[in-house]
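*Asks:* Pasting in a structure now, in structure tokens, and then I'll have a few things to ask.
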Amino acid sequence: MFAQTRVSGDTAVGSDGRSACTVDLTTGVRTALGSNQGRTRIEGISGKLVIGETYPTPTLAFAYRTDTRTTTLLPAAGGLVSVANGADRRGFVTGTAATTTDPDTVNSTYHAVLWTPHTG
């Protein structure tokens, strides 16, 4: 059972803290999200776009398109961590990303980022 469930249109997405999946509410097709290694957390769903993070380090944000069933990892900006915070229906994702790797703190500097959708 999922502790964290969200719905957008005909898609439900859920996570139990370890794994996550989408379910097409019209067909019942279930699709696993994340790398299947460590944990997967869902941050949100907007239209046909699901965003979240996959752990362990490096923690990377991801965007999953429910219409094409494709996952894109959203890279950090030089560090080891990226976190997705929000998305819109056009495919833009906002979040934060580590810009440097500090041996004392794993990641020392974070900046706001806007990941843009691929076109064409």
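The values are calculated or read from the model by the stated rules, or taken from the named source; none is laboratory data. Just so you know, these numbers come straight off a predicted model, no measurement behind them. Here the Cβ is made from the backbone with ideal geometry for all residues, glycine too, and neighbour counts use every protein chain on show.
*Asks:* Looking at (1) under 20 Å from G14 (Cα atoms); (2) part of a strand (DSSP E or B); (3) modelled with pLDDT under 90, which is the one condition that is false for H111?
*Replies:* For H111, the failing item is (1).
*Asks:* What about G34, is it at positive phi, exposed (fewer than 11 other Cβ atoms within 10 Å of the Cβ) and of a type outside the set (F, W, Y)?
*Replies:* Spelling it out, it is not the case that G34 is at positive phi, exposed (fewer than 11 other Cβ atoms within 10 Å of the Cβ) and of a type outside the set (F, W, Y).
*Asks:* Let me ask something additional. Here are some conditions: (1) assigned to a strand (DSSP E or B); (2) within 18 Å of G14 (Cα to Cα). D67 meets all but one. Which one does it not meet?
*Replies:* Every listed condition holds for D67 apart from (1).
*Asks:* In addition: May I ask you to say which residue of D88, D102 is over 20 Å from A20 (Cβ atoms) and at pLDDT 90 or above?
*Replies:* D88
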